1. Any residue that is in contact with a helix residue (DSSP H, G or I) (Cβ under 6 Å, 6 or more places away or on another chain), modelled with pLDDT of 95 or more and either closer than 29 Å to residue 19 by Cβ or in a helix (DSSP H, G or I) (or both) - is there at least one of those in the range 96-108?
2. If you go through the range 108-124 one residue at a time, how many are buried (at least 18 other Cβ atoms within 10 Å of the Cβ) and within 16 Å of residue 94 (Cα to Cα)?
3. Looking at (1) farther than 22 Å from residue 18 by Cα; (2) surrounded by fewer than 17 Cβ atoms within 10 Å (Cβ to Cβ); (3) touching a residue at least 12 places away in the same chain (Cβ under 8 Å), which one does residue 83 not meet, given that it meets all the others?
Ligand code: HEM
């Protein structure tokens with residue numbers, strides 16, 4: 001199994017475990033509903049999406065009988081996706097608990113959001129470049 005496949009699958013199950021705890025906190029007390037953004041994004045961009053990245057990188061090139069277009073892009077995507085997600089949830093949550101420079105956090109949140117989107121685009125590129133066959137040139 002490639003390292004980026006394993007890393008995505010490990011990160012995915014870790015996010016599932018952590019995010020379940022945030023879900024339980026919200027169940028226990030409505031005061032914690034401020035964590036809804038954290039819970040839903042760790043579940044969907046963490047657990048669900050990273051499991052799909054990991055399994056997708058492993059099986060989709062094999063289904064197509066090809067090698068992945070870029071292993072380096074897949075490795076970079078892993079870091080972008082994780083830094084982007086953790087940065088997004090932290091910069092979104094801090095103002096809910098502490099009086100902080102909201103403007104700075106919004107800019108930071110947007111920057112982390114751009115990292116997350118860049119990671120999504122890298123996956124789109126890598127998958128399409130791997131799976132979509134190049135047209136044959138006439139001899
Ligand atoms: C231990 C398991 C889980 C618990 C205890 C839990 C609990 C909760 C709670 C209490 C809320 C807030 C509901 C409200 O607005 O009053 C919530 C929202 C949400 N949960 Fe979970 N959840 C769990 C698993 C999951 C999973 C597996 C996913 C997706 C893969 C998920 C996705 C979401 C989303 C998207 C929201 C936001 C819904 C909205 O804004 O209306 N949750 N969850």
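The values are calculated or read from the model by the stated rules, or taken from the named source; none is laboratory data. Since the model is a prediction, treat every value here as computed from it, not as a measurement. Cβ atoms come from the backbone with ideal geometry, glycine included; neighbour counts cover every protein chain shown.
1. Looking through the range 96-108, none of the residues is in contact with a helix residue (DSSP H, G or I) (Cβ under 6 Å, 6 or more places away or on another chain), modelled with pLDDT of 95 or more and either closer than 29 Å to residue 19 by Cβ or in a helix (DSSP H, G or I) (or both).
2. Total meeting the criteria: 2.
3. Every listed condition holds for residue 83 apart from (1).
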